[in-house]
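Report on the structure given below.
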Amino acid sequence: ELYAKLVKAYNDAAITSVESLKLVKNHSTAGKTNGKSWIRIEWSTVGDDSHVDGYEIYRSTKKNSGYGTKPIYTTKNPDNKWYKNTAGLKKGTRYYYKVRAFVEIDGQKYYSDWSNKAYRIAK
């Protein structure tokens, strides 16, 4: 019973820390390598990110809509706070990105608020 209480306390702390985490867009760049366009975004966190399991990245060609319900990428390593998009880019199109952190507990995901939006025009 004590173990169950400790696990619940830990899980509650993890959920609280991720839900209160603030993600800040730091930098975005665009380029072309071997004829293939890419856009790289980077972000940082404000708060306790020690419980984060990963980050979900969403993309749209519209600033305030069109991001869909599924991320275009989910990071595997919570220490990597960047993403390089190389798939599905069209030259001259402006792409918007937003990111959120998550922790998964007992199959349920808990999320931070969204980051600021980053945007770049594909080269």
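The values are calculated or read from the model by the stated rules, or taken from the named source; none is laboratory data. Predicted, not measured: the structure shown is a model, and the values here were computed from it. A quick note on method: Cβ atoms are made from the backbone with ideal geometry, for glycine too, and the neighbour counts reach across all protein chains shown. Side chains are part of the model used for accessible areas, which takes the heavy atoms of the whole protein and leaves out ligands, DNA and RNA. Shrake-Rupley method; radii C 1.70, N 1.55, O 1.52, S 1.80 Å.
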Please give the residues of the range 66-95, grouped as numeric ranges, whose backbone N is less than 14 Å from a label point set 7 Å along the Cα-to-Cβ vector of GLU104.
-> 71, 73-78
Report the charge-dipole magnitude of the chain in Debye, nearest 20, computed about the Cα centre from +1 at each Lys and Arg Cβ and -1 at each Asp and Glu Cβ.
-> 1340 debye
Most fluctuating residue given options LYS90, LYS81, LYS98, as computed from a GNM of the chain linking Cα atoms under 10 Å = LYS90
For the chain, accessible area per residue (1.4 Å probe, heavy atoms of protein chains only), Å² | 61 Å²
When all C-alpha to C-alpha distances in the range 69-122 are sorted into bins of 10 Å, what percent of pairs does each bin hold, rounded to whole numbers?
-> 18, 50, 25, 6, 0
Take the Cα atoms of the range 27-85, find their three principal axes, and give me the spread along each one in whole Å, biggest first.
-> 38, 27, 19
Taking Cα atoms only, helix 2-19 is inclined relative to the longest principal axis of the chain by an angle, in degrees rounded to 10, of 30 degrees
Surface share of carbon and sulfur [accessible, 1.4 angstrom probe, percent] for the chain | 48 percent
Computed over the chain, the relative contact order (Cα-Cα under 8 Å, seq sep at least six) in percent reads 33 percent
Cα-only Debye scattering, the chain: base-10 log of I(q)/I(0) at q = 0.12, 0.15 Å⁻¹ = -0.48, -0.69
Compute the FRET efficiency between ARG94 and THR29 as 1/(1 + (r/R0)^6), taking r as their Cβ-Cβ distance and R0 = 22 Å, and round to the nearest 0.05.
-> 0.95
Could you let me know the centre-to-centre spacing of the range 6-54 and the range 95-120, using Cα atoms, in angstrom?
-> 7 Å
